[in-house]
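These notes concern the structure reproduced below.
The values are calculated or read from the model by the stated rules, or taken from the named source; none is laboratory data. Quick caveat, the model's predicted, so the values are computed rather than measured. No Cβ is skipped: glycine too gets one built from the backbone with ideal geometry, and neighbour counts run over all protein chains shown. Only protein heavy atoms, including side chains, enter the accessible area calculation; ligands, DNA and RNA are left aside. Shrake-Rupley method; radii C 1.70, N 1.55, O 1.52, S 1.80 Å.
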Amino acid sequence: MANNGSLMPVKDLKPFKTKWRSQVKVLHSWLQNTGSGGKTLQMVLTDEQGEKIIAMCKRNHILSVQRKLPLRKWCVLTTFSVSQASGQYRPTSHPYKITISYETVITNSDLIQDSIFLPLAIYEDINDGNLKTNFLIGNTFICYGKTVSLEPVQTVQVKGQDRKKVQFRLVDANGKDLACCLWGKYAEQLEAYVKCEQPLICLIRFAKISFYRGEVKIANAFDASIVYLDLTMELVEDELPLAVIEKKYGKKEIVLQEDDWNKLEIKMISELFVSNLVENCKIICSIAAVDTDWAWFYFGHKGCKHRAIKLASNHDDNQLWRCEKCQVKITEVIPLFKLHLIVRDDAETCKLMLLNTVAKTIVGHEAVDLWDGSYDEV
């Protein structure tokens, strides 16, 4: 078990020493060839507050680091160097980077926190030039939207080699669009969808902002980007489907976009399994069981009801939490439903996840009524 009192937050890491000790998880990793150092493993690390930093290790340590520091698993890094971050396209806005060497000790952490830290980009900020082009979109923002005007995948010559290329536009819930161009393996991901007549949901993480013929365009940053197609609700947690709404003083907020459920089509579970479209529908089913492999509730901010993350604290009677939406430290949290159910209709069975508002109408109680009062992770 990590001694939380000795852990250093990512935002406080500086180059003046190597005896650092931080609790992090890998959000993304990729192999990269550098002119001076040969093959390296590049990683984007985050701490429990969502502060991100780039990390790397050299060729001799790649296999060991990949084994000890897998994707999305919390670990504790002890003894590593911190130096100035550089490069034309940086995946985080942190001024420094971590170098993992043979002296670095990687141990498992007992932290249980499954957030993938996935806020979304505002299209106007990209098109209006409000985001810095030397940072990849993904250090603080993600591109999300419906794919339209998807052109056929082309094979073009780049420096004497054949490379695949595809161009399309992303459209958000307000109808704002954004030009996109993907190369190589990312273009190949879209080949199967070129003839699809329905809009495709696409999410691009760690993309770069470029300019072509006077137009802002989103493109993959070599192998550093991630492209998700045909997204599921669970991938981006509780924030889909999304809309961007105007608030007072010009601020924007991403909120859950509601549908008129009375107008939605009723479908069989078997139809969902063979569907290749992203759409809203209704199913008529009965609850067969509760999937007890998952926790039935999570702790949320008492004010806004969004997920709260348990922070290290030396005072058991005044536990600190951090609200993922408000991004502030809090002390008052309440349990909120997150039920994983196994349901069936006349022919098939599937799993559903019900969040607090829907779940409490089925259970007939608030989650706090069934809670045993313990703040231990479940």
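With respect to the conditions (1) touching a Ser or Thr at 6+ places or on another chain (Cβ under 6 Å); (2) closer than 15 Å to Asn108 by Cα, Thr78 falls short on a single one, namely (1). Looking across the range 66-108, the residues that are out of contact with any helix residue (DSSP H, G or I) (no Cβ under 8 Å at 6 or more places or on another chain), within 18 Å of Lys52 (Cα to Cα) and of a type in the set (A, V, I, L, M) come down to Leu69, Leu71, Val76, Leu77, Val82, Ala85, Ile98. Scanning the range 18-29 for residues that are over 28 Å from Ala221 (Cα atoms) and open to solvent by less than 40 Å² (accessible area, probe 1.4 Å) yields one hit, Trp20.
Quick grid of which residues meet (1) on the phi > 0 side of the Ramachandran plot; (2) part of a strand (DSSP E or B); (3) open to solvent by less than 40 Å² (accessible area, probe 1.4 Å); (4) at pLDDT 90 or above:
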site: Phe16; (1), (2), (3), (4): no, no, no, no
site: Lys39; (1), (2), (3), (4): no, yes, no, no
site: Gln42; (1), (2), (3), (4): no, yes, yes, yes
site: Met56; (1), (2), (3), (4): no, yes, yes, yes
site: Gln66; (1), (2), (3), (4): no, no, no, yes
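Scanning the range 323-339 for residues that are open to solvent by less than 60 Å² (accessible area, probe 1.4 Å) and touching a helix residue (DSSP H, G or I) at 6+ places or on another chain (Cβ under 9 Å) yields Ile334, Pro335, Leu336, Phe337, Lys338, Leu339. All conditions in (1) farther than 17 Å from Ala288 by Cα; (2) free of Cβ contacts under 8 Å to residues at least 60 places away in the same chain; (3) open to solvent by 40 Å² or more (accessible area, probe 1.4 Å); (4) in the same structural domain as Thr292 (by the TED database) hold for Ile342, with the sole exception of (1). Filtered by the rule that a residue be open to solvent by 40 Å² or more (accessible area, probe 1.4 Å), in contact with a Gly (Cβ under 9 Å, 6 or more places away or on another chain) and not basic (Lys, Arg), the range 295-322 gives His306, Ala312, Asn314.
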